[in-house]
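Participant: A single structure is presented below for examination.
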Amino acid sequence: MPEVWQLPWDPAGDPRSLWAVQAEGPCPAPTCPPALGGNQSAATEGQDCRVVFVVTATPRRPSRVLCGSPLGPRDPRTSLPAPMFSRSDFSVWTILKKCVGLELSKITMPIAFNEPLSFLQRITEYMEHVYLIHRASCQPQPLERMQSVAAFAVSAVASQWERTGKPFNPLLGETYELIREDLGFRFISEQVSHHPPISAFHSEGLNHDFLFHGSIYPKLKFWGKSVEAEPRGTITLELLKHNEAYTWTNPTCCVHNVIIGQLWIEQYGMVEILNHRTGHKCVLHFKPCGLFGKELHRVEGHIQDKNKKKLFMIYGKWTECLWGIDHASYESFKKQERRGDHLRKAKPEDSSRKAESDVADDVPVAQETVQVIPGSKLLWRINTRPPNSAQMYNFTSFTVSLNELETGMEKTLPPTDCRLRPDIRGMENGDMDLASQEKERLEEKQREARRERAKEAAEWQTRWFYPGNNPYTGTPDWLYAGDYFERNFSDCPDIY
């Protein structure tokens, strides 16, 4: 007879468990959370979703991964083959000094400023916290679902924290797939346009609970001391059980001190998430750094109903966590705070901060962690990065596994998959000379293919996506054509 415990479960945390779970009764929402090794029991306690589990005292192995091909489950790798090299001997100024105010997609950058991933793999990092989608799918009320969707939208950009390396530009026709049975999804993306660069993606829940898709065409501009990336394109999440669709766009990302000084990143701009069925909207403000770094990484916003009545307040940091509280309690707290009932910690001013005219922008000092308002609930918290992350381009554990290629996997992947790119593979293995040579060869191969198409007046034909309009916003989008996972790759182009 197994030992019986009562185990609290907080759905805002990572739902993956190292314990085998058994339920006394039928699970009221068997897909929530899908990554647990069993089901919930029938006992719940209101909206905080604290669930009584019956747990055996026998640990099981961590979740196993199916990384992009049907080779069977296996453990993901935990480190890269070679550590990151130093960029201190390279200067980007010689390349960027003539590009102030220009769009950078056509500028060839030295490989020293890359990270060993394609932009298609970078997009896949949206899925690191996919449990938030599963959680949204099993919540009964639209307000609760919007809370989880908002947390997912914020978590999707969290992996960019301290990621100052540039992903490789995808070649036209390049693809990437990822299947994660332990996380309950599969993902496919394709580079559908080169000028302008457009990346299309489609993901679906293995339990048929969601669709997640969109097309991204980032605009990069150099402003003298910083590079700004504006991620144009609509992102769509469909919760199939509820017949709901949510759409939004990501905030702008800015990398500072690209010429001299320590690189640092901020995200800013307004993100609006709309539930097209109920009319609920979440408005999130990613705040710019501000003077003395007071607002660095902060996110604040609210959820409103179709009549624009504020129902729920959201606050936190995209690098750390996200909290939420009902609007009335939030306003009451703010009133008390203004009356001085809640003393705020003094924030020391940095008198040594340099003037705007100096060569480098000082790296803002992160302020104290998020001040939690009494009565708030945790919506999301970032995963802890591996201890050697700084030697691996500041990758997360999820990111480290994205370019892994095991023996035999190439037989099941299309020849266009990112894992087969020799320049990215060379950089990951620490062979920078090979990576640079292969990058130049691939770029020339792509130019030659474009010249041949021009001679024949032939247009490029995408394989897995087609141009159309987003079914919910009506804006131009790239839509999934289907059939990728049937694995008929006989007509895929030779791009490597």
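The values are calculated or read from the model by the stated rules, or taken from the named source; none is laboratory data. Values in this document were obtained by computation on a predicted structure and should not be read as measured data. Positions of Cβ are generated from backbone atoms using ideal geometry, with glycine treated the same way; all protein chains shown enter the neighbour counts. Please note that ligands, DNA and RNA were not included when accessible areas were found on the heavy atoms of the full protein model with its side chains. Shrake-Rupley method; radii C 1.70, N 1.55, O 1.52, S 1.80 Å.
Participant: Restricting to the range 453-480, count the residues that are touching a Lys or Arg at 6+ places or on another chain (Cβ under 8 Å) and surrounded by 10 or more Cβ atoms within 10 Å (Cβ to Cβ).
Facilitator: Going through the range 453-480 one residue at a time, the tally reaches 1.
Participant: Say we look at the range 176-195 and pick out the residues that are of a type in the set (A, V, I, L, M) and buried (at least 21 other Cβ atoms within 10 Å of the Cβ); which of these is nearest to residue 461 (Cα to Cα)? If you could, list the steps in order and put the result at the bottom.
Facilitator: As a first pass, look at the range 176-195 and keep what is of a type in the set (A, V, I, L, M): 178-179, 183, 188, 192.
With the extra rule that they be buried (at least 21 other Cβ atoms within 10 Å of the Cβ), the set shrinks to 178, 183, 188, 192.
Numbers: 178: 23, 183: 32, 188: 17, 192: 9 Å.
The selected residue is 192.
Participant: Additional query: Can you tell me how many residues within the range 213-250 are open to solvent by less than 40 Å² (accessible area, probe 1.4 Å) and assigned to a strand (DSSP E or B)?
Facilitator: The initial filter retains those residues of the range 213-250 that are open to solvent by less than 40 Å² (accessible area, probe 1.4 Å), namely 213-216, 218, 222, 224, 226-227, 229, 231, 233-239, 242, 244-248, 250.
So of that shortlist, the ones also assigned to a strand (DSSP E or B) come out as 213-216, 218, 222, 226-227, 229, 231, 235-239, 244-248.
Number of matching residues: 20.
Matching residues to (1) in contact with an Asp or Glu (Cβ under 8 Å, 6 or more places away or on another chain); (2) within 29 Å of residue 296 (Cβ to Cβ):
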| residue | (1), (2) |
| --- | --- |
| 132 | no, yes |
| 145 | yes, no |
| 149 | no, yes |
| 155 | yes, yes |
| 165 | yes, yes |
| 172 | no, no |
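Participant: While we're here: Can you tell me how many residues in the range 150-175 are open to solvent by less than 10 Å² (accessible area, probe 1.4 Å) and out of contact with any helix residue (DSSP H, G or I) (no Cβ under 8 Å at 6 or more places or on another chain)?
Facilitator: 6
Residues are listed down the side, and each one gets a yes or a no for (1) assigned to a loop (DSSP other than H, G, I, E, B); (2) among the hydrophobic types (A, V, I, L, M, F, W, C); (3) over 15 Å from the mean Cα position of the chain (by Cα):
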| position | (1), (2), (3) |
| --- | --- |
| 179 | no, yes, yes |
| 189 | no, no, no |
| 192 | no, yes, yes |
| 196 | yes, no, yes |
| 203 | no, no, no |
| 211 | no, yes, yes |
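Participant: Mind listing just one residue for me: the one in the range 263-293 that is at pLDDT below 80 and either assigned to a strand (DSSP E or B) or touching a helix residue (DSSP H, G or I) at 6+ places or on another chain (Cβ under 7 Å) (or both) and, of those, most open to solvent (accessible area, probe 1.4 Å)?
Facilitator: Applying the filter and picking the extreme gives 268.
Participant: Does residue 489 meet the test of being assigned to a helix (DSSP H, G or I), aromatic (Phe, Trp, Tyr) and either within 27 Å of residue 233 (Cβ to Cβ) or open to solvent by less than 40 Å² (accessible area, probe 1.4 Å) (or both)?
Facilitator: Numbers: assigned to a helix (DSSP H, G or I): no; aromatic (Phe, Trp, Tyr): yes; either within 27 Å of residue 233 (Cβ to Cβ) or open to solvent by less than 40 Å² (accessible area, probe 1.4 Å) (or both): yes.
No: the conditions fail for residue 489.
Participant: For the range 398-435, give me the residue count where each residue is in a loop (DSSP other than H, G, I, E, B) and under 24 Å from residue 265 (Cβ atoms).
Facilitator: Residues meeting the conditions: 3.
Participant: Taking only the range 382-397 into account, find how many residues are assigned to a loop (DSSP other than H, G, I, E, B) and not charged (D, E, K, R).
Facilitator: Residues that pass the stated criteria total 10.
Participant: Restricting the search to the range 294-306, which residues are open to solvent by 30 Å² or more (accessible area, probe 1.4 Å) and in contact (Cβ under 8 Å) with a residue 12 or more places away in the chain?
Facilitator: 294, 298, 300, 305, 306
Participant: Something else about it: Within the range 326-381, work out how many residues are at pLDDT 85 or above and outside any loop (DSSP other than H, G, I, E, B). Steps first, please.
Facilitator: Initially, the range 326-381 is screened for residues at pLDDT 85 or above, giving 326-336, 370-381.
Now drop any that are not outside any loop (DSSP other than H, G, I, E, B), which leaves 326-336, 377-381.
Residues meeting the conditions: 16.
Participant: Against the condition closer than 18 Å to residue 141 by Cα, outside any helix (DSSP H, G or I) and modelled with pLDDT of 90 or more, how does residue 302 come out, does it pass?
Facilitator: Yes: the conditions hold for residue 302.
Participant: Can you name every residue in the range 457-479 that is among the small types (Gly, Ala, Ser), part of a loop (DSSP other than H, G, I, E, B) and farther than 20 Å from residue 495 by Cβ?
Facilitator: 457, 474
Participant: Continuing with this model, one more query. Looking only at helices (runs of 4 or more DSSP H) that fall completely inside the range 104-164, which ones have 3 or more residues that are small (Gly, Ala, Ser) and over 24 Å from residue 425 (Cα atoms)?
Facilitator: Qualifying helices (runs of 4 or more DSSP H): 142-155.
Participant: Tell me the residue from 425, 441, 421, 450 that is closer than 19 Å to residue 169 by Cβ, among the basic types (Lys, Arg), open to solvent by 30 Å² or more (accessible area, probe 1.4 Å) and under 28 Å from the mean Cα position of the chain (by Cα), please.
Facilitator: Residue meeting the stated conditions: 425.
Participant: Looking at (1) modelled with pLDDT under 95; (2) touching a helix residue (DSSP H, G or I) at 6+ places or on another chain (Cβ under 6 Å), can you tell me which one residue 178 breaks?
Facilitator: Here residue 178 clears every test but (1).
Participant: Tally time: how many residues in the range 165-177 are closer than 18 Å to residue 413 by Cα and not in a loop (DSSP other than H, G, I, E, B)?
Facilitator: Of the residues in the range 165-177, 3 are closer than 18 Å to residue 413 by Cα and not in a loop (DSSP other than H, G, I, E, B).
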